[in-house]
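Asks: Before I ask anything, here is the structure I am working with.
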């Protein structure tokens, strides 16, 4: 009888501890999700602000184009992307030139090619 009572008390305590641990885990998980959503919104706001700037820094250009830092350094060193170095150290990019550079070597769709072929006939 004493063993059953002890077993019941022990299992009740374990259940209560596990429940509180689960509640804590759930609230912790919810806090992490809230933080993640806040960081996502901040990231979107930063991108919107960058989209309105005319001159972009190196980091902003990486974020704006999605090009990695190392690849952007290679492009600037080779002179393959339009950029400015006013003081010889910091690199700046004009947003309009970057857009033009990104859209170079355009590929026509099959529909556009067929339209051109019909005009030629």
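Asks: Out of all the residues in region 43-53, which are within 20 Å of residue 69 (Cα to Cα) and over 17 Å from the mean Cα position of the chain (by Cα)?
Replies: Across region 43-53, the qualifying residue is only 53.
Asks: Please enumerate the residues belonging to region 68-96 that are surrounded by 14 or more Cβ atoms within 10 Å (Cβ to Cβ) and either in the same structural domain as residue 45 (by TED's automatic domain parsing) or at pLDDT 95 or above (or both).
Replies: First, pick out the residues of region 68-96 that are surrounded by 14 or more Cβ atoms within 10 Å (Cβ to Cβ): 72-73, 75-76, 81-83, 91-95.
Selection gives 72, 73, 75, 76, 81, 82, 83, 91, 92, 93, 94.
Asks: Here is a follow-up. Which pairs have Cβ atoms under 7 Å, sit 6 or more apart or on different chains, and link a residue in region 37-58 that is touching a residue at least 60 places away in the same chain (Cβ under 8 Å) to one that is in a helix (DSSP H, G or I)?
Replies: none
The values are calculated or read from the model by the stated rules, or taken from the named source; none is laboratory data. Being a predicted model, the structure only gives us computed values, none of them experimental. Positions of Cβ are backbone-derived with ideal geometry, glycine not excepted, and every protein chain shown enters the neighbour counts.
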